[in-house]
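Take a look at the structure below.
The values are calculated or read from the model by the stated rules, or taken from the named source; none is laboratory data. Note that the structure is a prediction, hence the values are computed from the model and not measured. Every residue, glycine among them, receives a Cβ derived from its backbone with ideal geometry; neighbour counts consider all protein chains shown. The protein model used for the area step is the full one, side chains on, heavy atoms only, and it has no ligands, DNA or RNA in it. Shrake-Rupley method; radii C 1.70, N 1.55, O 1.52, S 1.80 Å.
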Amino acid sequence: MSTVFFLSKEKKEIDLVCTSITKSGNSCIHFETVDQLNNNLRYFKPEIILLDGSNFSEEIKILLDKIEPRDSKIMILDYTGDSKRINKEKVNLITDIKEFVNYLNSYNSKRYSVFEKGENKIFDLFFDHLPEPASITKLEDGNFVRVNKKFVEVSGFQPNEIINQSSVNKLLWVKKGSREKYIHRLKKEHHIQAYKTYFHNKHKEIVSCYISSTLFSDNGQDYVLSILDNNITNKILEEKLFETQSIARVGSYTLDFRSGMWSSSKILDDIFEITENYDRSIDGWLNIVHPKWRDTMKTYLQENVIQNKEEFDRQYQITTIKDKTDKWVHGRGSLVYRNGELVKMIGTIIDISEYKKIEKKLKGKQALLDKIINTSPVGILLTDKHGNIYYANKRGEEILDLSISRDNTIKYNAPEWRITDLNGEDYPEDKLPFILVKNHLQPVYGIKHAIENQDHSRKFLSINASPIIDEYNEFNGMIATIEDITPQIEFENKIQDQNKQLEELISVKDRLFSILGHDLRSPIGNITQLSNFLNIEFSSLDHNDIREILSSLEHISEQALILIENILEWSRIERCLIQPVFNTICIDDLFNHAINLHKSLAKHKRIKIIKEVELDECILCDIDMTKTVLRNLISNAIKFTPPEKYIKLSAHLLDDSYLEISIQDQGPGIPVHMLADLFKYSFNKPKIMNHKEAGTGLGLPICKEFIELQRGKIYVKENSENGVTIAFKLKI
């Protein structure tokens with residue numbers, strides 16, 4: 001079976017040719033304009049293109065230049081012989097339709113089954129991609145065999161809803177008798193062109209349209225190939241878009257450039273609100289054109305159309321003659337030439353006033369939407385299916401520090417951003433929002449990660465994203481909202497730090513109450529017991545016993561006093577009541593004061609205090625703070641040094657600016673695991689140094705606070721089983 005595209009305007013010619021071709025078992029599709037023919041040639045290349053030379057004799061050369069058939073054979077049907085001057089190498093001239101049918105049957109002897117899979121893929125491709133709604137039904141019962149995509153779009157039915165269903169019972173034919181008359185005529189003529197009837201769509205709406213049908217046989221079965229006028233699509237869309245508006249009127253006209261006069265259809269007369277006697281000259285048309293458009297349209301007609309030979313295509317305003325109503329119209333016109341001379345323009349004028357009203361509203365809504373998007377406090381991004389960000393609103397560009405346009409895109413995972421998690425570690429590629437919505441085709445919410453700016457600062461983001469799905473239910477990109485949550489994250493981190501500090505403070509305060517309840521009660525209890533014993537047994541005690549008891553009382557009192565002073569100092573530090581007052585004091589004087597303060601305590605444990613000062617230097621310090629530091633360090637050294645041993649106080653220059661003071665003991669050393677927290681308040685247990693002596697945990701942290709307030713530093717200089725040396729440095 002061969003397919004023929006037939007171009008003709010004459011109804012009798014169309015009926016004769018199409019009927020003859022279809023009776024011979026071939027397929028014939030007719031077109032009335034070159035544009036219709038060209039549009040269909042984009043989808044399908046027939047075996048033969050047949051041109052009616054009688055209708056197109058004047059334009060035949062231009063017509064052949066416009067048609068690009070590629071694999072199709074072009075033939076001209078001409079009974080008059082006017083087309084014989086056409087180059088025969090490019091086309092074949094046919095003067096008899098029977099001759100053409102015989103040629104057609106011999107052109108392709110192999111007959112393919114329309115419905116046999118795999119043997120007629122070309123027909124399948126053509127049928128499915130026809131720009132008009134098309135169907136194939138059985139002649140006998142009217143059951144649908146096939147429908148194309150455009151038919152599904154127009155009717156609203158899916159193929160599985162109507163295949164093997166009757167076109168009478170399921171849809172389309174409003175009256176059963178209409179189809180019976182139509183089929184009776186089709187059996188007689190084999191081809192019917194532009195038969196007006198009324199159909200139902202899926203929504204039970206009645207739609208007026210024209211149908212053209214061809215009768216053909218395949219494997220002993222008779223079928224009807226029907227094609228609907230594509231205007232049905234526009235009418236359905238208009239009905240849905242304008243619920244209160246009737247189908248838009250389309251008026252036609254013909255302008256004769258030689259006489260300067262134009263003729264018009266009744267619908268166009270209604271649009272212009274003119275009567276039969278109206279002046280149909282170019283000036284008469286310009287009088288209908290709105291005054292503000294008059295000069296523009298006059299220039300457009302003269303320069304663009306007449307001089308430059310451009311086809312008319314323009315939207316403009318008119319003022320109707322009768323009611324003086326302003327309307328918008330869209331005029332189109334095709335140019336007709338004769339012997340190279342422009343003679344006519346044939347076209348249509350559509351009243352698009354309602355379209356313009358809607359367009360104005362849509363532009364207003366679009367402008368409002370643009371304002372909302374661009375003033376949104378949340379960033380909005382759009383990507384294509386490859387992840388290229390091609391749109392970002394103002395806030396999105398601010399957050400990401402970039403400028404996006406169609407010609408300047410950037411990918412969602414651009415390396416210059418260095419995407420990390422909230423802790424600064426590399427973020428997994430498969431956890432990024434784009435990959436998640438692409439793989440799962442589902443929205444994602446609250447995805448948090450960080451990006452690194454050009455100044456190496458980090459910005460924390462929270463992203464919600466949804467996939468963009470096209471009409472084929474395939475992934476076509478992503479839309480995402482993005483928030484800068486850097487202040488929130490920093491606030492949360494600050495809260496965590498404060499919570500940690502609060503926990504440490506609570507721990508210190510708990511320890512303080514423990515000290516007050518235990519460490520301070522113990523020495524005061526001992527003082528009370530010794531005092532009572534001395535008071536009761538005084539008369540029975542000799543001189544040495546009394547001296548020993550008094551020495552014990554002195555030792556216990558000194559320990560309690562140091563503890564109380566440390567608690568008071570800690571309290572002042574916590575309340576930020578301490579600020580250093582810098583004065584100068586000589587090292588020798590500082591050491592002598594500290595030694596005198598601890599002389600009795602050292603004597604009680606039979607410990608010797610050694611002073612080692614290289615130079616008679618002075619330091620700039622807060623004298624009271626520095627004395628407190630020395631008091632705590634010497635007290636600790638005495639506490640953890642066994643009897644009959646010594647502690648050493650040393651001072652020497654580090655450089656021209658600093659002097660180092662160190663206190664060395666001969667105790668058991670500090671366990672390694674305790675060194676990290678040695679100068680911190682964060683303790684939960686007493687710091688046991690040996691089985692006899694214990695620390696409260698306040699002394700060394702206070703020393704650290706006091707030294708750092710003076711812009712100095714305290715540290716463990718040496719630590720071993722033979723003793724510990726703790727040092728601090730201050731400015732000379």
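Return the Cα extents of segment 593-664 along principal axes one, two and three, sorted largest first, each rounded to a whole Å.
If we take the Cα atoms of segment 593-664, the spans are 39, 23, 18 Å.
Would you mind checking segment 697-720 for residues with the amide N under 17 Å from a putative spin-label position 7 Å along Cα→C-beta of Lys500?
Hits in segment 697-720 for Lys500 at 17 Å: none.
Roughly how large, in nm² to one decimal, is the mean projection of the convex hull of the alpha-carbon atoms in segment 300-348?
3.9 nm²
Rounded to the nearest whole Å², what accessible area per residue is found for segment 420-486 with the 1.4 Å probe?
Accessible surface, normalised per residue, equals 57 Å².
What whole number of Å gives the distance from the Cα centroid of segment 652-670 to the Cα centroid of segment 296-334?
Answer, in whole Å: 101.
Measure off, as a whole percent, the carbon and sulfur share of the 1.4 Å-probe accessible area of segment 362-476, all protein chains present.
49 percent
Among the aspartates and glutamates, which fall within straight-line cross-link reach of Lys202, defined as a Cα-Cα distance under 17 Å, with same-chain neighbours fewer than 8 residues apart omitted?
Within the straight-line limit of under 17 Å, Lys202 reaches these aspartates and glutamates: Glu153, Glu161, Glu238, Glu239.
In cubic angstrom, how much convex hull volume per residue do the alpha carbon atoms of segment 553-622 span?
Here the figure is 96 Å³ per residue.
Express in nm, to one decimal, how much length is gained between Lys149 and Glu614 on full extension, taking 0.36 nm for each residue of separation and deducting their alpha carbon distance.
Result for the pair: 157.1 nm of gain on full extension.
Do any of Lys509/Lys713; Lys365/Lys459; Lys11/Lys150; Lys196/Lys361; Lys394/Lys438; Lys500/Lys704 go past 28 Å between their Cα atoms, and which?
As for pairs spanning more than 28 Å Cα to Cα, those are Lys365/Lys459; Lys196/Lys361.
Using a simple spin-label model with points 7 Å from Cα along the Cα→Cβ vector, what separation in nm is obtained for Glu397 and Lys599?
8.2 nm
In the neighborhood of Phe591, defined by Cβ-to-Cβ distances under 10 Å, what is the net charge if each Lys or Arg adds +1 and each Asp or Glu adds -1?
Around Phe591, the surrounding residues sum to -2.
Within a Cβ distance under 13 Å of Glu303, other residues only, what is the Lys/Arg minus Asp/Glu net charge?
Its environment carries a net charge of +1.
Ranked highest first by the average count of other Cβ atoms within 10 Å around their residues, in what order do 719-728, 671-680 fall?
Top of the packing list down: 719-728, 671-680.
Calculate the all-directions average of the projected area of segment 292-377's alpha-carbon convex hull, and give it in nm².
8.2 nm²
Kindly rank 365-377, 336-348, 703-715, 216-228 from highest to lowest mean number of other beta carbons found within 10 Å of each residue.
By packing density, highest mean first, the sequence is 703-715, 216-228, 336-348, 365-377.
Can you give me the C-alpha center-to-center distance between segment 256-281 and segment 13-42, rounded to a whole angstrom?
Rounded to whole Å, the Cα centres lie 33 Å apart.
How far apart, in nm, are two points set 7 Å out from the Cα along the Cα-to-Cβ line at Met261 and at Ile536?
14.8 nm
Taking the Cβ-Cβ separation of His652 and Leu553 as r and a Förster radius of 41 Å, what is the calculated FRET efficiency to the nearest 0.05?
0.60
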